[in-house]
Amino acid sequence: MCGIVGYAGHRPAVPLVVEELHRLEYRGYDSAGVACVQQGAFRVVKAEGKLNALEMKLSTEPPATATTGMGHTRWATHGAPCERNAHPHLSNSAKLALVHNGIIENYLEIKNELTAKGYVFHSETDTEVLVNLIEDCHKSEPDLMKAFSMALCKAHGAYAICLMSIEEPDVFYAARMSAPLILGVGTGENFVASDIPAFLPYTRRVVFLENGEMARVDKSSFRVCRIADLSPVEHSIETIEWDVQSAQKGGYRHFMLKEIFEQPDILRDSMTGRVSASRDSVRLHELDDFPVPARLTIVACGTSSHAGMWGRHILESMARVPVQVEIASEYRYKERLLFSKDEMVLVISQSGETADTLAALRRARECGAAVIGLCNVVGSSIAREADRVLYTQAGPEISVASTKAMCSQMLVLTLMALYWGARKGTVSGGEIAAVVQDILSLPEMLHKELPGMHEKAKMLSRKYSQAKNFFYLGRGHCYPLALEGALKLKELSYIHAEGYAAGEMKHGPIALVDSVFPAFAICPDDALLPKVKSNIVEVQARQGKVIALTNPGVDLPAEDVWVVPKVNSLMAGFVILPALQLFSYEMADYLGKDVDQPRNLAKSVTVE
Ligand code: AGP
């Protein structure tokens, strides 16, 4: 997620804006830039890489004296992470400058219209299109607030924006739609930022802009109105009690908890631009010029491999594509890799830098397979070396334990299944619309349910905190989720946990069960429920305690029944996954473990 900061006040703006960007670094970025108006023209300084690269460039220039300015740290979504694509972006006349967080879905259409009018573009970004759209509107509407509103009414998508004009060097404009943007209200100075930590040392008084609102801000005042009709909006000024560090976690105890609670928004953001307005077709332009694979091998590590195992069910069910899933560290050393015509490999990696997965990609390509990458980090090694890449758009994942990344991987795998299914004719527009509707209903439901699930996870983790071993059991698409639940408990609380296909218990593992070896049974109300129910009975017959994660109205003979809302069977994973994550999170926190940085682990395993 990009970081935006704007300042209007009495201090030198550029050094203050850079300091604010430093406090947003935890959000992850790959380039940065600042802008202010100096002697009637914009001064824009940008640099690829970290803020120290930007500071090096600034140190070679005469210090700016402006007391109004803005800055940006870019997490690339459109266009490579390089200086040319870094923000701020100037309009063709160089009279407007803009920084932006989010995705303008219809930017290509707007870009074509502006190009036809003679506008030229120097970057691959949707942001540069937006600033020139505002300029184009400003040509017919002299009031910049109105021109800004006109442009935003044409742009569709998610955005948090800061805009400046050389005509008003001591003013900045801000607007938000489905991306956070907060005003900081100081004394003789005002701020805007993507997140509170940026300006917290200067003021604790904030105004939260709501979706569809915009503001005009100078050092002594601000005016908020609705983008759609410029009608004025009154907001109370709130006072923040957090310190900077807890503010970076959005008030959550750990980044992991923050990222678990981001998942509803991740589902919405991962869908952005990928579903038709009629919701009965999926658009994955990255794959348009590729055939639908005759067979697919999914290769990944850890949590990403569990996402791949889950994705296999929906890819085979919806697209009728035969799928096998391989662990990258095994796959890369296979004696021989044989591929038939139109057989493809899909490598899944949040970081895009996992050594085993990257090696597997290279081996598969050497052996003649086309490789698709599913990554979260734009411009990562896997993203650059795959023949095609799809991005999960989950924003940077800070906590070592992967949570929101898996949610977004599962979402994109679902979209791939629908996309390929439509091309093969194995799913109808109506079936696609039904699945899309199920997914679109998840964010609101999860926003409502997650707090209660968190409380249940807290209670159960305390009750089972003495356990030294745990089984996680599931069948069908819940088997990969059982593996993921076990991995989360292991890597966070250091309790030994094994994920098992529930039907496998009778083939040996059940010998381990006793009164201190509990099981976590994943048993949504679907066709396999009766089978999992019998596995629960088998465990209990050996004095094993069972936590059964199920849906309303299901009667289970378990020690603890954890009821979560029922959704369409294959989409149930989007509700089950956060429950498993929250249980492990609370167990680790209760046992006093280092939740965001578990022992022995790295966020990206770039070595063999
Ligand atoms: C997940 O909680 C783990 N930290 C780990 O298994 C991780 O999923 C694995 O290392 C793969 O990472 P990647 O997705 O960045 O390739």
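The values are calculated or read from the model by the stated rules, or taken from the named source; none is laboratory data. Please read these numbers as outputs of a predicted model, since none were measured by experiment. Cβ sites come from the backbone with ideal geometry, for glycine too, and all protein chains shown count toward neighbours. The protein model used for the area step is the full one, side chains on, heavy atoms only, and it has no ligands, DNA or RNA in it. Shrake-Rupley method; radii C 1.70, N 1.55, O 1.52, S 1.80 Å.
Return the residue satisfying two criteria in turn: it lies in the stretch 500-536 and is small (Gly, Ala, Ser) and not in a loop (DSSP other than H, G, I, E, B), and of such residues it is nearest to the ligand (Cβ to nearest atom).
Restricting attention to the stretch 500-536, the residues satisfying the condition of being small (Gly, Ala, Ser) are 501-503, 508, 511, 515, 519, 521, 527, 534.
Pick out the ones that are also not in a loop (DSSP other than H, G, I, E, B) and you get 501-503, 511, 519, 521, 534.
On the way: Ala501: 20, Ala502: 23, Gly503: 25, Ala511: 28, Ala519: 21, Ala521: 22, Ser534: 31 Å.
Step by step, filter the stretch 500-536, then rank; the result is Ala501.
Just to check your reading of the model, which residue among Lys566, Lys603, Lys545, Lys506 is at pLDDT 95 or above, open to solvent by 50 Å² or more (accessible area, probe 1.4 Å) and out of contact with any Phe, Trp or Tyr (no Cβ under 9 Å at 6 or more places or on another chain)? Going through Lys566, Lys603, Lys545, Lys506 in turn, just one is at pLDDT 95 or above, open to solvent by 50 Å² or more (accessible area, probe 1.4 Å) and out of contact with any Phe, Trp or Tyr (no Cβ under 9 Å at 6 or more places or on another chain): Lys566. If you go through the stretch 120-146 and keep only what is surrounded by 23 or more Cβ atoms within 10 Å (Cβ to Cβ) and touching a His at 6+ places or on another chain (Cβ under 7 Å), you end up with Thr125, Asp126, Thr127, Glu128, Leu130, Val131. Taken over the stretch 70-93, the criterion of being more than 26 Å from Leu183 (Cα to Cα) and assigned to a loop (DSSP other than H, G, I, E, B) is satisfied by His78, Gly79, Ala80, Pro81, Cys82, Asn92, Ser93. Across the stretch 464-499, the number of residues qualifying as in a helix (DSSP H, G or I), within 13 Å of the ligand (Cβ to nearest atom) and open to solvent by 10 Å² or more (accessible area, probe 1.4 Å) comes to 4.
Is it the case that some residue within the stretch 54-72 is aliphatic (A, V, I, L, M), within 26 Å of Ile104 (Cβ to Cβ) and in contact with a Ser or Thr (Cβ under 8 Å, 6 or more places away or on another chain)? Can you show your working first?
The first filter runs over the stretch 54-72 and keeps only residues aliphatic (A, V, I, L, M), leaving 54, 56, 58, 64, 66, 70.
When the remaining residues are screened for being within 26 Å of Ile104 (Cβ to Cβ), the result is 54, 70.
Checking which are in contact with a Ser or Thr (Cβ under 8 Å, 6 or more places away or on another chain) leaves us with none.
Checked the stretch 54-72: no residue is aliphatic (A, V, I, L, M), within 26 Å of Ile104 (Cβ to Cβ) and in contact with a Ser or Thr (Cβ under 8 Å, 6 or more places away or on another chain).
Among the criteria (1) on the phi > 0 side of the Ramachandran plot; (2) more than 12 Å from the ligand (Cβ to nearest atom); (3) at pLDDT 90 or above; (4) not polar (S, T, N, Q), the one Gly352 does not fulfil is (2). Scanning the stretch 388-440 for residues that are touching a Gly at 6+ places or on another chain (Cβ under 9 Å), of a type in the set (A, V, I, L, M) and away from the ligand (no atom under 15 Å from the Cβ) yields Met416, Ala417, Ala422, Val427, Ile432.
If only one of Asn211, Asn190 is within 20 Å of the chain's Cα centre (by Cα) and over 20 Å from Arg74 (Cα atoms), which one is it? Write out each step before concluding.
On the way: Asn190 fails: within 20 Å of the chain's Cα centre (by Cα).
Result of the check over Asn211, Asn190: Asn211.
Residues in the stretch 23-70 that are of a type in the set (S, T, N, Q), touching a residue at least 40 places away in the same chain (Cβ under 8 Å) and open to solvent by 10 Å² or more (accessible area, probe 1.4 Å): Thr65, Thr67.
Does Leu549 fit the bill of being on the phi < 0 side of the Ramachandran plot and in a strand (DSSP E or B)? Working first, answer last.
Values: on the phi < 0 side of the Ramachandran plot: yes; in a strand (DSSP E or B): yes.
For Leu549, the condition - on the phi < 0 side of the Ramachandran plot and in a strand (DSSP E or B) - is met.
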